[in-house]
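Let me begin by presenting the structure, written as structure tokens, before commenting on it.
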Amino acid sequence: MPSYGHVKAFFGLPVLLLFCALGALGFEFWTGRGKMARYVLEVALGIWLVNIYASFWIKPNTVQTGLASAISRYTYVKEDSSADFSNILAQFPGNSKATVWLAALESRTHPEQAVKRLEQALKENPDDGQIEFELARDLVLCGRMDEAVVHAKRAVELAPEDEVAGQSWCSLALRNKSYEEAVRAGRFTLSLNPADLRTHSNLGAALMNLRQIPEATSHFSALVNAQPTWAESQYCLGRCLLGQPGKRSEALSHLGEAVRLDPSNADWQTTLQDARMGR
């Protein structure tokens, strides 16, 4: 990520002094070669300077400027910029980015309206993964889980490098009790980021429901090693180990740790007591 170096870019500023000195010497050398060389050099330098200045010129009536202004107003000023996005869509109908932002704001109070807006936008832009992703999120708010899973999967198909879309697909499939699909989504997302702890958890839960205990155990073990204070992972790992030969004491240890981390969970306490009594 080259942008990571920007924070320390000022360390390189003293080096520019050398380049400025050499540039001045080179300019003096070439202007001394005659009037023609001086004119050519001055014109080239002038064009370069004008180009640098123009690259920072902000055009007021473009979709990029309008989007940047509306997003900044919402993100940094913390104001409702719905009207700004509506104005952008009035000037530039069909702009998918403005549609997604406006729908995200509408979904807070009127998710059904946001869904209708996104469904219309999807007809105009059927290959836009961001619209599919936002539509899946808003369908959940409307209680339409089956459709949400379909659109979340489609978002991944359109943007296979989008890790967040993969996380959403796995999570929604698990919530919809589509365990086999949750497993496919989880494995795909972990291929993008093997260190994604939430996906490890969702994938492990789906595998537990499919009775694929050995693989589920491996995911919960990775979670416990990475986050030993994550009570849910301790509990799930204990449940996985409980039915495996020779793992009873280890299972009780993890179940006990889960109860210690979350003593208010009555179900976990019952599971621990039953396990200790051999039920």
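The values are calculated or read from the model by the stated rules, or taken from the named source; none is laboratory data. The shown structure was predicted, so the numbers you read here are calculated from the model rather than taken from an experiment. Here the Cβ is made from the backbone with ideal geometry for all residues, glycine too, and neighbour counts use every protein chain on show. For accessibility, only protein heavy atoms count, side chains too; no ligands or nucleic acids. Shrake-Rupley method; radii C 1.70, N 1.55, O 1.52, S 1.80 Å.
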* Angle, helix 248-261 long axis vs. longest principal axis of the chain, Cα atoms, 0 to 90°, nearest 10? -> 60
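Could you please put ASP262, ASP196 in sequence from largest to smallest accessible area, using a 1.4 Å probe? Write out the running numbers ahead of the final one.
Working: ASP262 45, ASP196 15 Å².
Largest accessible area first, the residues go ASP262, ASP196.
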* Structure fact -> Once the in-chain neighbours fewer than 8 apart are removed, the lysines whose Cα is under 29 Å from LYS247 read LYS177
* Structure fact -> For the range 123-231, listing GluC sites (Glu not before Pro) in a DSSP loop whose Cβ sees at most 13 other Cβ atoms within 10 Å gives GLU161
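For the full complex of protein chains and a 1.4 angstrom probe, list ILE88, ILE71 by accessible area with the highest value first. Each step should come with its number before you reach the end.
On the way: ILE88 10, ILE71 35 Å².
Of ILE88, ILE71, the descending order of accessible area is ILE71, ILE88.
Within the range 1-89, list the GluC sites (Glu not before Pro) lying in a DSSP loop whose Cβ has at most 15 other Cβ atoms in a 10 Å radius. Walk me through the numbers on the way to the answer.
Values: sites: GLU28, GLU42, GLU79; in loops: GLU79.
Of the GluC sites (Glu not before Pro), the ones in loops of the range 1-89 whose Cβ has at most 15 other Cβ atoms within 10 Å are GLU79.
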* Structure fact -> The size of the Cβ-based charge dipole (Lys, Arg +1; Asp, Glu -1) of the chain about the Cα centre, to the nearest 20 debye, is 500
* How about LYS78: which lysines have a C-alpha closer than 21 Å to its C-alpha, ignoring those fewer than 8 places off in the same chain? -> LYS97
* Using alpha-carbon coordinates, inclination of helix 197-209 to the longest axis of the chain, degrees -> 30
* Based on the Cβ-Cβ distance of ASN265 and VAL77, what FRET efficiency does E = 1/(1 + (r/R0)^6) give at R0 = 45 Å, to the nearest 0.05? -> 0.65
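Take the Cβ-Cβ distance between ARG187 and ASP127 as r, set R0 to 22 Å, and report the resulting FRET efficiency rounded to the nearest 0.05. Could you put the intermediate results ahead of the total?
Values: r = 25 Å, r/R0 = 1.12.
Once rounded, the FRET efficiency stands at 0.35.
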* Structure fact -> Taking the dipole of the chain about the Cα centre (Lys, Arg +1; Asp, Glu -1; charges at Cβ), the one of ALA173, GLY46, THR62 that reaches farthest to the positive side is GLY46
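Quick check on the range 112-153: take the gyration tensor over C-alpha atoms, sort the square-rooted eigenvalues as a ≥ b ≥ c, and tell me if it's rounded (a/c under 1.5), prolate or oblate. If you can, show how the numbers build up before the last one.
Numbers: a/c = 2.26, a/b = 1.30, b/c = 1.74.
The shape class here is oblate.
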* To do: Let me have the 222 nm mean residue ellipticity of the chain computed from DSSP H runs of 4+ only, each contributing -39500 (n - 2.57), with the sum over all residues rounded to the nearest 500.
  => -23500 deg cm²/dmol
* To do: Calculate, for PHE92 and ASP146, the FRET efficiency according to 1/(1 + (r/R0)^6) with r their C-beta to C-beta distance and R0 30 Å; round to the nearest 0.05.
  => 0.35
* Asked: Which whole-number value in Å² is the accessible area per residue of the range 151-279, probe 1.4 Å?
  -> 51
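If you roll a 1.4 Å probe over the chain with all protein chains in place, what percent of the accessible area is carbon or sulfur?
On the way: 10060 of 17190 Å².
C and S fraction of accessible area: 58 percent.
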